[in-house]
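Notes follow the structure.
A short reminder: the numbers here are calculations on the coordinates, not readings from a lab. Owing to the predicted nature of the structure, the values given are computational and were not obtained by experimental measurement. Cβ placement follows ideal geometry from the backbone for every residue including glycine, while neighbour counts extend to all protein chains displayed.
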Amino acid sequence: MRLVNRQVGRGGRVLLGAAPILLLLLVYIVMAASRHAVNPADKILPLPGAMAESMSALLFVPDQLTGQLVFWADTLASLQRLGIGLGISTLMALVVGLSLGALPPVRATFGPLVTGIAVIPPIALLPILFIALGLGETAKVALIVIGIAPVMIRDIAAHVAALPREQIIKAQTLGASSWQVMIRVALPQAMPRLLQAIRLSLGPAWVFLISAEAIASDVGLGYRIFLVRRYLSMDVILPYVAWIALLAILMDVALTFLSHRLFPWAHGESH
Amino acid sequence: MSTLLSFRDVWVEYGDRIIIEKLDLDIEEGSFVSIVGPSGAGKSSFLRLILGQEGPSRGQILMDGTPLTPECGPDRGVVFQRYSVFPHLSALRNTILGMECEKAPLMGRLFGSAKRAAEAEATEMLSAVGLGHSLDLYPAQMSGGMQQRLAIAQALVKRPRVLLLDEPFGALDPGIRADMHALIRRLWRDYSLTIVMVTHDIREAFSLGTRVLALDKRRHDPHAPHRFGATAVYDLPLRKRVDETPEENAAELDNITIDVNRNN
């Protein structure tokens, strides 16, 4: 049987999907063990035991200075920044993207501006943000928004502009005004695309969050990673990276689930 | 019967390309006009003119004696070959959309008793096109024929002055197409509609229409084919069939056959 025709069942998919991950973990443990056999004080590839030990201190023991549980404080701070950044970007994508896509005069006026902002590398704006907005939360959230909002806006605008012309005409023959075309025809059809855009923006959003935290912060997942880097604390860095990956996957799965649940018509669920 | 639409020396030009030239015709209220013609002969442009999607470059189009605004409005319903229904709404919601737009300018939605009244009217119309049992299906769950039935119901619920059909049955297979012909003929009679239908199918044009218009270029310049536009080269009024039903038609044909046999 040709490989292109070979379908994998549900159980087989779990097994096959887990195999490379487990293999990678195994390779890591073998390498770490061999390094530790030579030098028991090796810090570059810590063993799982060492990771668990240093993580439990961050997870369960309050910090002497602030009295907070460091790991949870970091997670909360980062998720809050990410959430606000994503929320503002989503709202902007919806309002601006919808207007750009549905209303030709708005597109003619603001299209070039949005394109212009979208091509600026956001990290290059970080110094400006820090100078203009200070080193607080605002600058970090602003970096995320500047980083992902233009891409999301352009995506939504393009999607709305690509709606079949027939639909827009049909809506008008049913008596719809521009506003009604926007809220009854364009908006609902843009929603699944919006969730998709959020999913695709999650990766860049994390990049901008970690960058902003690495440069100026006193709490956050990115801040912690860059802080302990000074002590070569791979036993903290690796679990933190794994945690960030887990959070990102959970958000992705949640958004996919939400899209299928809220907009079944957009996922080809027929007969 | 009174004149519903009149074209007075209408031209459609894009730059130096002439699509329609010197079109003069009247469309009677209650008629079923089929438009045929080769590709690129301005059939779609003609439909877009009536629809208001574009205005004429020269000349005038009058509806009930007043010039037509070059913008689509609820007095003209339309069914396209595809994309006429909204994929994010169920059949029922697709059909009440027209009523919601009219009665709720800000929200675009109806609530309470107004919503129930609209739903009742929409359900009646959906039953009339044979979708009475598919109120909650989304277009993606429907066959091509059902989607076209929905598109017709959606347009008719607004009681348009004229219903425009742009190759509405072109994408359907022959069996379904025959059902749709019977449906549109029945709706045209029951709701006293005025229908303008563009089609590629000559048979369909003659079997459904009370009048067949053939659009084509009257003159052809081989060196500059774009400099001559299309106009109505044939305008064939067919016999009035307002009171006839397809069944009676069939009976008539049977009689003729029997007569021939008897003569033999």
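Could you run through the stretch A:157-168 and say how many residues are within 11 Å of chain B (Cβ to nearest Cβ) and within 20 Å of A:SER89 (Cβ to Cβ)? Spell out how you get there, then give the answer.
In the first step, residues of the stretch A:157-168 are kept if they are within 11 Å of chain B (Cβ to nearest Cβ); the result is A:163-168.
Keeping just the survivors that are within 20 Å of A:SER89 (Cβ to Cβ) gives none.
The qualifying residues number 0.
Taking first residues from the stretch A:133-148 that are farther than 13 Å from A:ILE210 by Cα and partners that are in a helix (DSSP H, G or I) and of a type in the set (Val, Ile, Thr), the Cβ contacts under 7 Å between residues at least 6 apart in sequence or on separate chains come to A:VAL145/A:ILE88. Before we move on, is A:THR75 among the β-branched types (Val, Ile, Thr), closer than 20 Å to A:GLY136 by Cα and surrounded by 18 or more Cβ atoms within 10 Å (Cβ to Cβ)? In short, yes. For the stretch A:161-168, check the following and say yes or no: at least one residue is closer than 28 Å to B:SER44 by Cβ, acidic (Asp, Glu) and either assigned to a helix (DSSP H, G or I) or free of Cβ contacts under 8 Å to residues at least 60 places away in the same chain (or both). Yes: the stretch A:161-168 contains one or more residues that are closer than 28 Å to B:SER44 by Cβ, acidic (Asp, Glu) and either assigned to a helix (DSSP H, G or I) or free of Cβ contacts under 8 Å to residues at least 60 places away in the same chain (or both).
Which of the following residues is over 22 Å from A:ALA245 (Cβ atoms), touching a residue at least 12 places away in the same chain (Cβ under 8 Å), out of contact with any strand residue (DSSP E or B) (no Cβ under 7 Å at 6 or more places or on another chain) and hydrophobic (A, V, I, L, M, F, W, C): A:LEU98, A:LEU79?
Working: A:LEU79 fails: over 22 Å from A:ALA245 (Cβ atoms).
Unique residue meeting the criteria: A:LEU98.
Strands (runs of 3 or more DSSP E) fully within the stretch B:22-98 that include at least 3 residues being facing chain A (nearest Cβ under 8 Å): B:76-79.
Among the residues making up the stretch A:169-191, none is free of Cβ contacts under 8 Å to residues at least 12 places away in the same chain, more than 7 Å from every other protein chain (Cβ to nearest Cβ) and closer than 22 Å to B:ALA140 by Cα.
Only one of the numbered conditions (1) in contact with a helix residue (DSSP H, G or I) (Cβ under 7 Å, 6 or more places away or on another chain); (2) crowded, with 20+ Cβ neighbours inside 10 Å is not met by A:VAL151, and that is (2).
Kindly indicate whether A:SER259 is of a type in the set (S, T, N, Q), surrounded by 13 or more Cβ atoms within 10 Å (Cβ to Cβ) and not in a helix (DSSP H, G or I). It is false that A:SER259 is of a type in the set (S, T, N, Q), surrounded by 13 or more Cβ atoms within 10 Å (Cβ to Cβ) and not in a helix (DSSP H, G or I). May I ask you to verify whether A:LEU194 is within 19 Å of the chain's Cα centre (by Cα), more than 14 Å from A:LEU82 (Cα to Cα), away from chain B (no Cβ under 14 Å) and part of a helix (DSSP H, G or I)? Against the criterion (within 19 Å of the chain's Cα centre (by Cα), more than 14 Å from A:LEU82 (Cα to Cα), away from chain B (no Cβ under 14 Å) and part of a helix (DSSP H, G or I)), A:LEU194 does not qualify. For the stretch B:24-49, a tally of residues being touching a residue at least 12 places away in the same chain (Cβ under 8 Å) and closer than 18 Å to B:ARG76 by Cβ returns 17. Could you list, in sequence order, all residues of the stretch B:187-233 that are part of a strand (DSSP E or B) and either more than 13 Å from B:LYS43 (Cα to Cα) or of a type in the set (Ser, Thr, Tyr) (or both)? Listed by number, the residues that qualify are B:ILE195, B:ARG211, B:THR231.
Residue-wise test of (1) away from chain A (no Cβ under 11 Å); (2) outside any helix (DSSP H, G or I).
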| position | (1), (2) |
| --- | --- |
| B:ALA117 | yes, no |
| B:ALA122 | yes, no |
| B:LEU126 | yes, no |
| B:LEU131 | yes, yes |
| B:SER134 | yes, yes |
| B:LEU137 | no, yes |
| B:MET146 | yes, no |
| B:ALA153 | yes, no |
| B:PRO160 | no, yes |
